[in-house]
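The values are calculated or read from the model by the stated rules, or taken from the named source; none is laboratory data. Predicted model, so just to flag it, every value in this text is computed and none were measured. Note: ideal-geometry Cβ built from the backbone for every residue, glycine included; neighbour counts use all protein chains shown. Note: areas computed on protein heavy atoms with side chains; ligands, DNA, RNA excluded. Shrake-Rupley method; radii C 1.70, N 1.55, O 1.52, S 1.80 Å.
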Amino acid sequence: MPSISLRVNGKSVRAEVEGRTLLVELLREKLALTGTHVGCDTSQCGACTVHVDGRSVKSCTMLAVEADGREVTTIEGLAGADGKLSPVQAAFAEHHGLQCGFCTPGMVMSATDLVRRNPGATEAQIREWLEGNLCRCTGYHNIVKAVKAAAQAGGK
Amino acid sequence: MQDFSFHKPQNLAAAVDTLKKRPEAKALGGGQSLIPVMKLGLAAPSDLVSVAGLAELRGIKVDGKELVVGAGMTHAEVADSAEVKKAIPALAALAGHIGDAQVRNRGTLGGSLAHDDPAADYPAAVLALGATVVTDRRKIAADDFFRGLYQTALGADEIVTSVRFPIPEKAAYAKFAHPASKFALVGVMVAKGPAGVRVAVTGAGPGVFRQADMERALGGRWAADALAGVAVKAEGLNADPYGSAEYRAHLIGVMARRAVAAAG
């Protein structure tokens, strides 16, 4: 079985995985990082979005072996060590950017990638960027508001 | 997903060697098509050979009158590339609207071409620009590369290394995207350049194809209204719950006109 080493939320991790083990399975089942959700398992809903070397990816559509040697950040890695929410997380709370919360980790990870790369993102750019993340509750309005606020605040 | 042996070769020669020795092996690019296909059990390779990170497949450069894009470049890298935006802005725009942001961060040019999904965007660009697909062993003209539904001229152990796009005078891509998947219900790329006037259609048929009547009309006069008299036949086009063949035929006309207007 392939052995891989990577960094997850700043910590070095070694794991034995099968070739077919998905990154999301490694995170949830081996590392108990269950903040990353599996929604559709068909790379459409974005609930499983994490960062690999700083870029948002759908962890249900990436093999764990492909994360060997990479830096992975999950929703658990965004807040500060003191528990202080990241600017995007804080904006989601402030603007009520969630209802049931299932899609939220993926939304926050995706939005975090956007505001880092395009801090001046317009509403249209935010809506286009979030096309890979589905929410069945909010109608997206407050999510977009939250991301816009975080972008304007220069959130990371 | 059925398990497989995973290989991460250090160079292109080793990757080709692994594919040659294992007839049931498949090359893995960004996995945005292959992994879903394997999850569905539609493919069950014995081995996966990871190629997207190979140095030989990386890089973007202008070489004379061609833009050369490494097959391992992700859609996001192509969309954000200053060289691509300058040389062929239509190609950067096309890459920036493939799937969604997460898919664009993983999916690669070579992977998209080797998979040859009938609704994929890149095949339209490769065919309309008259590009050359470069592999580990040969160069394949776009007109010879695509062979219909998920079929290409590639051998089982052949790896796409780069694509050479002749820099056009004008080009644009217009897509009527499926709202959920962002795949093209119909996508039309038009180009006027070293390869002549070419119109390539994706999403509408069993594979990407050129629209000869439109090429003739635009060859005579490059303007959206030059396409007014071109009738697109529905025969042979895809029909599914998202759109009938007649609807797709209509969309080909609309997308082609939009693309010509956008190309200026």
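Every condition in (1) over 15 Å from A:Ser56 (Cα atoms); (2) within 12 Å of another protein chain (Cβ to nearest Cβ); (3) in contact (Cβ under 8 Å) with a residue 40 or more places away in the chain; (4) not acidic (Asp, Glu) is met by A:Ala121 except one, and the failing one is (3).
Of the set (1) part of a loop (DSSP other than H, G, I, E, B); (2) in contact with a strand residue (DSSP E or B) (Cβ under 7 Å, 6 or more places away or on another chain); (3) within 11 Å of chain B (Cβ to nearest Cβ), all apply to A:Val50 but (1). The residue that is nearest to B:Glu56 (Cα to Cα), counting only those in the range B:1-36 that are among the acidic types (Asp, Glu) and not in a helix (DSSP H, G or I), is B:Glu24. Of all the criteria given as (1) closer than 23 Å to A:Met1 by Cβ; (2) open to solvent by less than 30 Å² (accessible area, probe 1.4 Å); (3) within 14 Å of another protein chain (Cβ to nearest Cβ); (4) not in a loop (DSSP other than H, G, I, E, B), the one not satisfied by B:Ala52 is (4). The listed residues are B:Lys182, B:Lys175, and the only one of them that is touching a helix residue (DSSP H, G or I) at 6+ places or on another chain (Cβ under 8 Å), among the basic types (Lys, Arg), over 23 Å from B:Gly64 (Cα atoms) and part of a strand (DSSP E or B) turns out to be B:Lys175.
For the range B:26-43: of the residues being more than 10 Å from chain A (Cβ to nearest Cβ), out of contact with any Pro (no Cβ under 6 Å at 6 or more places or on another chain) and not β-branched (Val, Ile, Thr), which is nearest to B:Pro89 (Cα to Cα)? Quick ask: steps written out before the conclusion?
So the first thing to find is which residues in the range B:26-43 are more than 10 Å from chain A (Cβ to nearest Cβ), and the list is B:26-27, B:29, B:37, B:41-43.
The next check asks that each one be out of contact with any Pro (no Cβ under 6 Å at 6 or more places or on another chain); those that pass are B:27, B:29, B:37, B:41-43.
Now narrow it down to the ones that are not β-branched (Val, Ile, Thr): B:27, B:29, B:41-43.
Working: B:Ala27: 29, B:Gly29: 24, B:Gly41: 38, B:Leu42: 36, B:Ala43: 35 Å.
Among residues in the range B:26-43 that are more than 10 Å from chain A (Cβ to nearest Cβ), out of contact with any Pro (no Cβ under 6 Å at 6 or more places or on another chain) and not β-branched (Val, Ile, Thr), the one nearest to B:Pro89 (Cα to Cα) is B:Gly29.
Out of B:Ala217, B:Ala234, one residue alone is part of a helix (DSSP H, G or I) and open to solvent by less than 30 Å² (accessible area, probe 1.4 Å). It is B:Ala217. Looking across the range A:7-32 at every residue that is buried (at least 21 other Cβ atoms within 10 Å of the Cβ) and more than 27 Å from A:Glu128 (Cα to Cα), the one that is farthest from the other protein chains (Cβ to nearest Cβ) is identified as A:Val8.
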